[in-house]
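Step one of this worksheet: look at the structure below.
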Amino acid sequence: MSLLPVEDALTRLLDGAKPRPAETVALNRAAGRVLAADVKARRTQPPFDASAMDGYAVRWSDTATLPAKLKVIGQAPAGRPFQGKIGAGQAVRIFTGAPVPEGADTVVIQENTRAVPGAVEIVEATLKGRNIRARGLDFAEGDILLEKGRLIDPAALSLAAAGNNATLEVVGRPLVAIIATGDELLPPGSDPGPGQIIASNGYGVAAIAEQAGADVLDLGIAPDDVTAVSALVRRALAAKADVIVTLGGASVGDHDLVHEALTGEGMTLDFWKIAMRPGKPLMFGRLGATRCIGLPGNPVASLVCSLVFLKPLLASLSGAARSARLLEGELETPMSANDHRQDYIRAVVSETPRGLSAAPFPVQDSSMLRTMATANALIVREPHAPAAPAGAMCRLIRFR
């Protein structure tokens, strides 16, 4: 069976992946989501000419000759506007954010004044119109503040709130159901017996899924039994999972039962085995509207495949933009020629005056999580890439 190239596998996996239906959420639940509709301003900001500083609201013509002594006729704290009108020779003590009283056209900052009983002296010149934020300076009611497809970051969230939007229409979060398989697996905190190991893959895969905008349903560990795996698959389908991710059991050994369980539930296999290292036994199929991804059991392979395949799939389903652009860097050490598989090599990338510099780890065994946790990038080497000396350029996926 020939191995499918990585790009072909990714194209087939993403085929038909569309953003989930929109839903309306409260503002405090919208961070990190993608807008499914434009956000319009429901008010004008600021809604009135507002003072930008603490000081005195005056008629600029009254300050033409300095020092100018003006009678203080009231105060304008934020939230409590001055109700009168400023006339000749008058001033109102004003605070940041307060509406500028009628008749005033300038705010003199308090540092440029000197208080005297019942009055204020303007001792330094101020330009006409200074320290006033005009009505609508930021936006006007009806303006489009944020466009459909925008990722809601902190600034966007604050802008939506300032526009008096209590809810936002966002793309629904895809649901990823994760099923770990293996008689040898125990949850963290257990006391392993002979031949048993601690299950670790699911935590990293779940974190990648959540960072990509998905909700995660952890269905736990299934023993090496088709009936047990099938039961968890049915639970995932009952929960209307958009993606079922299995960990381990996607190879061709006697105990690799994931394929049998999934096809028994109706999955149509799309591909199985790709020209990739680590991650050769990756499996993908469709079970109705649900996509099924069988990740390798080796810890690093499951994480690398999640970055290369699961993350862009979830970006498509959550409406986020997917950037396929690879960075370029310079190898710190030489690399030998590659074989027929595309390599994803753990490395530490640093910035230098010349650009990015990549130092690959000398040992790349797919069971070594410690190097994956230390690495901040993957060097991508194409199939049959020739040997590369130190200083040669390389392609990079930077994930931290």
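The values are calculated or read from the model by the stated rules, or taken from the named source; none is laboratory data. Remember, predicted model here, so these are calculated numbers, not experimental data. Positions of Cβ are backbone-derived with ideal geometry, glycine not excepted, and every protein chain shown enters the neighbour counts.
Would you check if there is a residue in region 254-262 being part of a helix (DSSP H, G or I) and surrounded by fewer than 20 Cβ atoms within 10 Å (Cβ to Cβ)? I'd like the intermediate steps shown before the answer.
If we filter region 254-262 for residues that are part of a helix (DSSP H, G or I), which is where we start, we get 258-262.
When the remaining residues are screened for being surrounded by fewer than 20 Cβ atoms within 10 Å (Cβ to Cβ), the result is 260.
The answer is yes, given that some residue of region 254-262 is part of a helix (DSSP H, G or I) and surrounded by fewer than 20 Cβ atoms within 10 Å (Cβ to Cβ).
Is one or more of the residues making up region 122-145 in contact with a strand residue (DSSP E or B) (Cβ under 8 Å, 6 or more places away or on another chain), closer than 17 Å to Asp62 by Cα, assigned to a strand (DSSP E or B) and of a type in the set (Gly, Ala, Ser)? No. Which residue is surrounded by the fewest Cβ atoms within 10 Å (Cβ to Cβ), if the candidates are limited to region 337-374 and must be out of contact with any strand residue (DSSP E or B) (no Cβ under 8 Å at 6 or more places or on another chain), among the small types (Gly, Ala, Ser) and at pLDDT 95 or above? Checking each candidate, the answer is Ala337.
Being in a strand (DSSP E or B) and modelled with pLDDT of 95 or more is the filter here; which residues of region 195-220 pass it? Full working, then the answer.
Keep residues of region 195-220 that are in a strand (DSSP E or B), which gives 197-198, 215-220.
Listed by number, the residues that qualify are Asp215, Val216, Leu217, Asp218, Leu219, Gly220.
Strands (runs of 3 or more DSSP E) fully within region 7-106 that include at least 3 residues being more than 30 Å from Val243 (Cα to Cα): 55-58, 68-76, 90-94.
Against the test of being crowded, with 17+ Cβ neighbours inside 10 Å, of a type in the set (S, T, N, Q) and over 25 Å from Val170 (Cβ atoms), the options Ser302, Ser306, Ser316 yield a single qualifying residue, Ser302. Whether any residue in region 146-160 is in contact with a Lys or Arg (Cβ under 7 Å, 6 or more places away or on another chain), within 30 Å of Ala209 (Cβ to Cβ) and part of a helix (DSSP H, G or I) is what I want to check. The answer is yes, given that some residue of region 146-160 is in contact with a Lys or Arg (Cβ under 7 Å, 6 or more places away or on another chain), within 30 Å of Ala209 (Cβ to Cβ) and part of a helix (DSSP H, G or I).
Please work out if Arg33 is within 47 Å of the chain's Cα centre (by Cα), more than 29 Å from Leu159 (Cβ to Cβ) and of a type in the set (D, E, K, R). Spell out how you get there, then give the answer.
Values: within 47 Å of the chain's Cα centre (by Cα): yes; more than 29 Å from Leu159 (Cβ to Cβ): no; of a type in the set (D, E, K, R): yes.
So Arg33 does not fit the description; no.
Can you find a residue in region 280-292 that is assigned by TED's automatic domain parsing to the domain that holds Ala207, of a type in the set (Val, Ile, Thr) and out of contact with any helix residue (DSSP H, G or I) (no Cβ under 8 Å at 6 or more places or on another chain)?
At the first step, the residues of region 280-292 found to be assigned by TED's automatic domain parsing to the domain that holds Ala207 are 280-292.
Filter again for of a type in the set (Val, Ile, Thr), leaving 290.
With the extra rule that they be out of contact with any helix residue (DSSP H, G or I) (no Cβ under 8 Å at 6 or more places or on another chain), the set shrinks to none.
Looking through region 280-292, none of the residues is assigned by TED's automatic domain parsing to the domain that holds Ala207, of a type in the set (Val, Ile, Thr) and out of contact with any helix residue (DSSP H, G or I) (no Cβ under 8 Å at 6 or more places or on another chain).
Restricting to region 164-194, and then to whatever is out of contact with any strand residue (DSSP E or B) (no Cβ under 8 Å at 6 or more places or on another chain) and acidic (Asp, Glu), can you tell me which residue is modelled with the lowest pLDDT?
Filtering region 164-194 for residues out of contact with any strand residue (DSSP E or B) (no Cβ under 8 Å at 6 or more places or on another chain) gives 164, 183, 189, 191, 193-194.
Retained after the next criterion (residues that are acidic (Asp, Glu)): 183, 191.
Numbers: Asp183: 90, Asp191: 94.
Only one residue fits best here, namely Asp183.
Residue count for region 157-181 under the criterion of being in contact with a helix residue (DSSP H, G or I) (Cβ under 8 Å, 6 or more places away or on another chain) and of a type outside the set (Gly, Ala, Ser): the result is 11.
Let's see how each residue does on (1) modelled with pLDDT of 95 or more; (2) out of contact with any Ser or Thr (no Cβ under 6 Å at 6 or more places or on another chain); (3) over 16 Å from Ala222 (Cα atoms):
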{"position": "Val252", "(1), (2), (3)": "no, yes, yes"}
{"position": "His259", "(1), (2), (3)": "no, yes, no"}
{"position": "Thr268", "(1), (2), (3)": "yes, yes, yes"}
{"position": "Phe271", "(1), (2), (3)": "no, yes, yes"}
{"position": "Gly279", "(1), (2), (3)": "no, yes, yes"}
{"position": "Pro299", "(1), (2), (3)": "no, no, yes"}
{"position": "Leu307", "(1), (2), (3)": "yes, yes, yes"}
{"position": "Leu313", "(1), (2), (3)": "yes, yes, yes"}
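Does Ile197 satisfy the criteria of being in the same structural domain as Leu247 (by TED's automatic domain parsing) and closer than 30 Å to Ala36 by Cβ? Let's see the steps before the verdict.
Numbers: in the same structural domain as Leu247 (by TED's automatic domain parsing): yes; closer than 30 Å to Ala36 by Cβ: no.
Considered against the rule, which asks whether it is in the same structural domain as Leu247 (by TED's automatic domain parsing) and closer than 30 Å to Ala36 by Cβ, Ile197 comes out as no.
Checking every residue in region 48-67 against the condition of being crowded, with 17+ Cβ neighbours inside 10 Å, more than 22 Å from Glu124 (Cβ to Cβ) and within 21 Å of the chain's Cα centre (by Cα) gives zero matches. Residues Thr126, Thr113: which one is at pLDDT below 95 and polar (S, T, N, Q)? Residue meeting the stated conditions: Thr126.
Go through the residues of region 368-380 one by one and say whether even a single one is under 19 Å from Val300 (Cα atoms) and free of Cβ contacts under 8 Å to residues at least 12 places away in the same chain. Yes: one or more hits.
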